[in-house]
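Structure record follows, encoded as structure tokens.
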4 protein chains.
Amino acid sequence: MQFLSDNAAAVHPKVWDALRDADAADSPYDNDALSKRLDEAFSALFGRECAALWVGTGTAANCLALATMADPHGGVICHREAHIETDECGAPGFYLHGAKLLLAEGDGAKLTPANIQAVLDGITRGIHQVPAQAISLTQASEYGLVYRPEELTAIGALARQNGLGLQVDGARFANATAFLGCTPAEAAGPADTLSFGCTKNGGMGGDVIVLFDPGQAELVRRRRKRAGHLQSKGRFIAAQVLTLLEDDLWLANARAANAAAQAIAAKAGERLVYPVEANELFVRLTGDERDALRSRGFAFYDWDDTCCRMVASWDTRLDDAERLAEAISWL
Amino acid sequence: MQFLSDNAAAVHPKVWDALRDADAADSPYDNDALSKRLDEAFSALFGRECAALWVGTGTAANCLALATMADPHGGVICHREAHIETDECGAPGFYLHGAKLLLAEGDGAKLTPANIQAVLDGITRGIHQVPAQAISLTQASEYGLVYRPEELTAIGALARQNGLGLQVDGARFANATAFLGCTPAEAAGPADTLSFGCTKNGGMGGDVIVLFDPGQAELVRRRRKRAGHLQSKGRFIAAQVLTLLEDDLWLANARAANAAAQAIAAKAGERLVYPVEANELFVRLTGDERDALRSRGFAFYDWDDTCCRMVASWDTRLDDAERLAEAISWL
Amino acid sequence: MQFLSDNAAAVHPKVWDALRDADAADSPYDNDALSKRLDEAFSALFGRECAALWVGTGTAANCLALATMADPHGGVICHREAHIETDECGAPGFYLHGAKLLLAEGDGAKLTPANIQAVLDGITRGIHQVPAQAISLTQASEYGLVYRPEELTAIGALARQNGLGLQVDGARFANATAFLGCTPAEAAGPADTLSFGCTKNGGMGGDVIVLFDPGQAELVRRRRKRAGHLQSKGRFIAAQVLTLLEDDLWLANARAANAAAQAIAAKAGERLVYPVEANELFVRLTGDERDALRSRGFAFYDWDDTCCRMVASWDTRLDDAERLAEAISWL
Amino acid sequence: MQFLSDNAAAVHPKVWDALRDADAADSPYDNDALSKRLDEAFSALFGRECAALWVGTGTAANCLALATMADPHGGVICHREAHIETDECGAPGFYLHGAKLLLAEGDGAKLTPANIQAVLDGITRGIHQVPAQAISLTQASEYGLVYRPEELTAIGALARQNGLGLQVDGARFANATAFLGCTPAEAAGPADTLSFGCTKNGGMGGDVIVLFDPGQAELVRRRRKRAGHLQSKGRFIAAQVLTLLEDDLWLANARAANAAAQAIAAKAGERLVYPVEANELFVRLTGDERDALRSRGFAFYDWDDTCCRMVASWDTRLDDAERLAEAISWL
């Protein structure tokens, strides 16, 4: 039973149907009928005009979005454990042509205005230091914690005061929104851009760069092509995305993943390093305990010496989650 | 009837089957069972040990391959009308960190040793000029012309003499190989790297970087991640590729496309700007003639004032090709 | 007798005096009293508000200026034989993060509106091609030809119509201005930025980036630091520049160089490939003729098989120039 | 009395003489007689064959040296407070095309093998993380502390074991060597490259990239040109460097600066944050105390709320240093 990650899960049956429906030849790149519907679909979703461009991966989505905010000589404030800092092999340095990530502290990989301000306060040497130009946060965070709308509002206000852009890495934006039970607009807060993840949530492969300033679309479109991310048959990504939006399938999938995570959390008690809000759990386990669980068929990731990461997916069977919960409670 | 390009064609039924078969969750990225078979599959195809890495687009394949050969302060010799020069929005400049494309002449967008030598002869000012480090050619060329094995051998020899890498852009390598009727190894010549295109030949989206020096795989793997091209569910690209290789489906598809192109060529006579070798035709047509063809339902691309480009795909119906041929002959 | 280039000539005595005067410690970087006078000095020179920042080389000046105009995904139109294309080892690709140089034709390495328009007309494939964002021209050109004010006006108008920035490489701007006998403002035309060369005109090493939009100074200041061009003792560059501006020493120096070039030109007649306007001559000479001149002690540069380049400096003795002229006339 | 920094100090009289002697025109760039002597001069200094290339600034020297060791997708381990991390406006990101600085801890801005190892131990996620390729340390450190030869040996051994290059930022290498009283080779340790600073030690402007693997010279030469750091009249930098090396003037200058620093340190007692080894002092002072000193004519830099930085130069008068020492002791 697979709790390693949600990033290799199966494709949702409705997405398969949509992919097959998209097979008939259409215009290449994003000139097909499906891709052309994205702007409207996301404008409806967020209740304000936005531009929406597909890409194949979250790494590309985040980096292309940040390119609208940060100059090569600029800096992006993010958490010390943000995915863009720790897991993308320097992709922001590549896409932003050497711009720096300026690292902030924060519990559970969440930024706070105070911690962001601390980074800003450290920039005192004028031309000799990289200026902050953007903030990037992850909703839900790398430890599965969810920013509340008022937290986003406060960070957004700080961003505005300091002339900084606000990028939201939403690889698990669906899980965060499902947890909050609020509107997508509230869950995104005053973001300038959002990487809307589909790959981990029932898609085959594809994320969406949502630009709340549609005037940035031209820039991102050119950068996407230049980065080799303008797929010839983009209609197949658009098909996935539109299907996930239809009838809020994206939220239904996320709720299923979150529910499975909660089922495990219910029996993990003191072992939990962080409260479980989205679909990730960080569970304190000794080496022997890990072995015991694995011998029963549970797969998960060794985060560090003290804890393991378990992730539930849209297709995680609640049965399996409960079985894992039981197994943990017996340890 | 669609003759605009082969890059938006439908996905081959067998590829669809393979995609569905790959649905079951497996390890992410390229740690799945299918991705792990690529090296072996391509080593068998080319009769020598090579490494094979999937990416989502030909642009990424070409640029990542070139990154094994060219430094940021170096140059890549290519034809003045090479795709990497004219159609990739500066992608090589991005991936190679400002390296220069050094442009060579040549009929039908094909390089010759003499024309490559002319570029080399122009590099006389030492440190003040960008040094050539690689040659990039397209098999088949941007005008659908195919390099013969002995032409590749001659270019390869020049490359070796001058310490240059040799990259082959094989967006339509299948069509070239099918035309030549030789082995894939002969059609690739003494290339150091080959972008093996699948997208235009029955795939959904995916090309393969073939590295004839497997020692380069580590570099390309890191650069691929850094460029946001390490897809989470890479098994879906690997599935496409492996299916196309199975029982030489890739060659069958290419032969079908080439045959459709020949059917049109048979009636286009003097209108052809170049001999038709692969699946592209460049046909001299006046504005009125273009209108006439379009009014009959044929779609194609206005290349310039004098000619149009027509491309046949693996799924072009021979009927439709013959219908277009007829229509041209009546003009 | 040295006619190889003006770029290694001696330093003017008044510049030496100014350097010595600047020895007393002052604030580092460009916070010293001399550097702070540059904006005002150049605003006075050009009769409009501008920002002026020193750098150590013309390469850096050109590239930092272009960085105000061209995005990494953009293009800069320049002549096929522009210094930035042929002699800077790819520096624009480095400073502009992979932006492309879009090459225009033109006699004597001079751009014309028609030739610039031809480049623009070739940009037809939208997102797939690099968009032009700037024009860079050299005053005087690489062949020593000088743009007339009305030529600059016409190019500027075309730039404005197309939303392009206009950069002037003024490595020999002094020689051009001296030749024209007009104001510096007229010789610069409607440029957005000018690289004002001092190194070749009596300086020890130092050029000035003149920004006719002072709002760009912040960007260039940061990029200059980031490129390692913010010298600690910048006062020594500022001292050179201010001295050259004082009492129009820069023009006096240029006039001396131009006069020496004219003295040679007067006897070179039909051998001249281009009319001599600034301080460079391109003289048709056979191999034997070159040997003959060199055996008499004249040093110059073999441009190609048909001609040699001779350059007069501010400190070229008119005697020596006349001696060379004689020697040529005797060939 | 100036204790702000050594980077704006006057030029040594012997350097002035050498500059004047270099005035006569010679070949441009580094083809002049003086520049050609650098390799030999530094090979003699370090007792082994090396290549030595001048540049205008320490920032450029460090970055060009690192370019011999780190790929764009790689990382450089340096101290959290290293100059390249905190004070160069992202220059390493620019020169290394987005490579990352991997930050290590350490007292007094000095690296230790254990702290370097801690960074290496954190690199566990394969392709998803940036691989370390080099170590950069500063001799003397940003807090004026000097690495002992055995410390360098230990770091060098760790570098070799892990296949990492070792770069030494020697902006104040002279002060470190003078303090150690050892050979320059011992003070550089098993470095692969050394930025040999002249600007802060009696020069006008110019540092030297010392390459202990001369085979790297070609790469650095091209990168230097590409970065706009190949000055036309390079002979004026070479002249400074050669003069400083002659009769060990560089060490005499450094000893003078160090002695002035010691004179202050002698009376600063408990106020010193770090032991004074080179020419920098970090002195605990309250706001009132700073005011008091400044009212007496002493200029220095507010490092942070608790301490100030004072720097002695080669030309600091011992009198002035003693006067400052007295003034501190009276506080």
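What follows draws every value from the coordinates through simple rules; no lab data is involved. Fair warning: this is a prediction, and the values are worked out from it, not measured in the lab. So basically every Cβ, Gly included, is an ideal-geometry build from the backbone, and we count neighbours across all protein chains shown.
Below, the figures for the structure above:
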item: Calculated FRET efficiency for the pair C:Glu40/D:Leu272, C-beta based, R₀ 35 Å, to 0.05; result: 0.20
item: Modelled label reach - A:Asp304, point 7 Å along Cα→Cβ, segment A:87-114 residues with backbone N closer than 12 Å; result: A:108-109
item: Cβ-placed point charges (K, R +1; D, E -1), dipole of segment D:206-277 about Cα centre in debye, nearest 20; result: 580 debye
item: Cα centroid separation - segment B:126-199 against segment C:73-92, whole Å; result: 27 Å
item: Relative contact order of segment D:30-176, defined on C-alpha pairs under 8 angstrom at six or more residues apart (%); result: 22 percent
item: Interchain or long-range residues, amide H under 5 Å from C:Arg284's placed H; result: C:Leu272, C:Val273, C:Cys308
item: Mean separation of Cα contacts under 8 Å (6+ apart) over length of segment C:222-331, as relative contact order %; result: 30 percent
item: For segment B:1-125, size of Cβ-based charge dipole, Lys and Arg +1, Asp and Glu -1, in debye; result: 260 debye
item: Integer Hz, Karplus 6.51/-1.76/1.60 couplings in order for segment C:158-170, x for Gly and Pro; result: 4, 4, 4, 4, 9, x, 9, x, 10, 10, 10, 7, x
item: Under-5 Å amide H pairs with B:Asp6, H placed in peptide plane, nonlocal only; result: none
item: Rotation relating C and B, chain B residue nearest the axis via C-beta, angstrom; result: B:Gly98, 2
item: Shape call, segment D:90-142: gyration tensor on alpha carbons, a/c limit 1.5; result: oblate
item: Neighbourhood net charge (12 Å Cβ-Cβ; Lys/Arg +1, Asp/Glu -1) for A:Pro13; result: 0
item: Cβ-vector label at 7 Å, C:Pro113, separations to other copies in nm; result: 4.9, 5.5, 7.2
item: Förster radius 25 Å - calculated FRET efficiency between A:Asp21 and B:Asp248, Cβ distance, rounded to 0.05; result: 0.25
item: Shape of segment D:137-205, Cα gyration tensor, a/c cut at 1.5; result: prolate
item: Proximal charge balance of D:Leu249 [Cβ under 11 Å; K/R count +1, D/E count -1]; result: -1
item: Calculated FRET efficiency for the pair C:Gln161/A:Ala185, C-beta based, R₀ 30 Å, to 0.05; result: 0.15
item: Percent RCO, i.e. relative contact order, over chain C, from Cα pairs under 8 Å lying at least 6 residues apart; result: 24 percent
item: Chain A: calculated mean residue ellipticity at 222 nm from DSSP helix runs of at least 4, using -39500 (n - 2.57); result: -11500 deg cm²/dmol
item: ³J(HN,Hα), Karplus 6.51/-1.76/1.60, whole Hz, each residue of segment A:248-258, x for Gly, Pro; result: 6, 4, 4, 6, 4, 4, 5, 4, 4, 5, 4
item: Potential extension, C:Gln117-C:Ser329 segment - 0.36 nm per residue separation minus Cα distance; result: 72.2 nm
item: Given charges at Cβ of Lys, Arg, Asp, Glu: segment B:251-330 dipole, positive-most of B:Ala257, B:Trp330, B:Met310; result: B:Ala257
item: Rounded, prolate or oblate (a/c below 1.5 giving rounded, otherwise prolate when a/b exceeds b/c) for the protein assembly as shown by Cα gyration tensor; result: oblate
item: At 7 Å out from Cα toward Cβ: D:Ala299 inter-copy label distances (nm, ascending); result: 4.1, 6.7, 7.1
item: Lys, Arg +1 and Asp, Glu -1 on Cβ, resulting dipole of segment B:165-238 about Cα centre, debye, nearest 20; result: 560 debye
item: Fluctuation leader among C:Cys50, C:Cys182, C:Cys63 - chain C, Gaussian network, Cα springs under 10 angstrom; result: C:Cys182
item: Calculated P(r) tail over 17 Å for segment B:1-89, as whole % of Cα pairs; result: 70 percent
item: For residues of C:231-238, the mean tally of beta carbons on other chains within 10 Å; result: 6
item: 10 Å Cβ neighbours from other chains, averaged over peptide B:125-134; result: 5
item: Under-5 Å amide H pairs with B:Leu102, H placed in peptide plane, nonlocal only; result: B:Val76, B:Ile77, B:Cys78
item: Sparse-neighbour loop sites [trypsin sites (Lys or Arg not before Pro); segment B:165-226; at most 16 other C-beta within 10 Å; DSSP]; result: none
item: Unsatisfied cross-links (Cα-Cα over 28 Å) in the set B:Lys225/D:Lys110; B:Lys36/B:Lys225; A:Lys225/B:Lys110; result: B:Lys225/D:Lys110
item: For B:Glu277, net neighbour charge (Lys/Arg +1, Asp/Glu -1) across residues whose Cβ lies under 11 Å away; result: +2
item: Residue of C:Asp26, C:Asp107, C:Asp305 that the Gaussian network model of chain C assigns the largest fluctuation, springs spanning Cα pairs under 10 Å; result: C:Asp305
item: Chain B - share of DSSP beta bridges that are antiparallel (%, nearest 5); result: 50 percent
item: 10 Å Cβ neighbours from other chains, averaged over peptide C:16-29; result: 4
item: Extension gain, A:Ser295 back to A:Asp87 (0.36 nm per residue minus Cα-Cα distance, nm); result: 72.0 nm
item: Phi-based couplings in Hz for segment D:287-292 (Karplus 6.51, -1.76, 1.60; Gly and Pro marked x); result: x, 5, 5, 4, 4, 4
